[in-house]
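Have a look at this one before I ask anything.
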Amino acid sequence: MNFFSHFTKEVIETGILIVITLFLRIILARFIRRYAKIYSIMESRTNLVIKYIYILITIIMIIGIIIIWGVQKKDILLTISSVTTVVGVAMFAQWSILSNITSGIILFFFFPFRIGDIIKVHDKDFPIQAEIEDIKAFHIYLKNDKGERITYPNNLLLQKGISIIIPKQNNTEFTD
């Protein structure tokens with residue numbers, strides 16, 4: 001009982017931070033699910049983005065708890081900068097992984113195409129025309145007219161020119 005008498009303020013602040021974190025997670029998950037429903041985004045993609053957001057919120061909460069319990073802010077900044085430097089150097093060789101994750105999130109919110117669309121990738125060295133079968137966190141699955149299944153990285157979708165070709169069964173005239 002002596003612990004609570006000495007650290008009452010920290011325990012209350014930690015409790016409030018946890019409640020705020022849980023509330024924020026619920027609100028953001030509802031917002032993302034509503035967004036996904038409006039734009040007919042697959043549930044697996046929606047869950048992946050929610051998972052990324054949960055990880056970010058949890059990291060922020062942990063930093064908040066560390067501050068509440070009295071760790072000096074300059075020590076936190078030093079630790080964070082050291083960790084990010086080590087991770088940055090270690091991940092430099094793996095930049096494409098981070099690039100694909102970021103591209104996957106961008107495609108979730110601002111994607112110009114959907115599963116079932118036939119796209120043409122304007123790549124000088126490896127042009128592709130294929131139907132989108134699935135969109136994942138790191139890549140999309142394409143199927144060309146020869147039946148080949150092609151895995152294409154998300155970051156290249158944002159770097160290359162893409163034409164969306166309306167499939168024949170969906171080819172209707174648009175009127176204003």
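The values are calculated or read from the model by the stated rules, or taken from the named source; none is laboratory data. Source: prediction; values computed, not measured. A quick note on method: Cβ atoms are made from the backbone with ideal geometry, for glycine too, and the neighbour counts reach across all protein chains shown. Just the protein is used for accessible areas: all its heavy atoms, side chains included, with ligands, DNA and RNA removed. Shrake-Rupley method; radii C 1.70, N 1.55, O 1.52, S 1.80 Å.
Roughly speaking, to the nearest percent, how much of the chain's 1.4 Å accessible area is carbon and sulfur?
Of all accessible area on the chain, carbon and sulfur atoms account for 65 percent.
Follow-up question, since we're still on this one. Lysine pairs in the chain with alpha-carbon atoms under 16 Å apart, 8 or more places apart or on different chains: how many are there?
So the count of such lysine pairs works out to 7.
Another question, if that's okay. So for Leu78, Leu24, Leu142, what's the accessible-area order with a 1.4 Å probe, most first?
The most accessible residue leads, giving Leu78, Leu24, Leu142.
Another question about this same structure. Compute the signed sum of charges (Lys and Arg +1, Asp and Glu -1) over the other residues within less than 11 Å, Cβ to Cβ, of Lys143.
Once all neighbours under 11 Å are counted, the net charge is -3.
Cut-off 10 angstrom, C-alpha nodes, Gaussian network model of the chain. Which of Ser82, Ser99, Ser44 fluctuates the most?
Looking only at Ser82, Ser99, Ser44, the largest GNM fluctuation is found for Ser82.
Once you've got the GNM for the chain with C-alpha springs shorter than 10 Å, pick whichever of Asp123, Asp145, Asp134 has the biggest mean-square fluctuation.
Asp145
Give the span of the chain's Cα atoms along each principal axis, as three whole-Å numbers ordered largest to smallest.
Principal-axis extents of the Cα atoms in the chain, largest first: 74, 39, 29 Å.
State the Cα centre-to-centre distance between the stretch 1-31 and the stretch 59-75 in whole Å.
Cα centroid of the stretch 1-31 versus Cα centroid of the stretch 59-75: 13 Å apart.
In debye, nearest 20, what is the charge dipole magnitude of the chain about its Cα centre with +1 on Lys and Arg Cβ and -1 on Asp and Glu Cβ, if you could check?
I would put it at about 280 debye.
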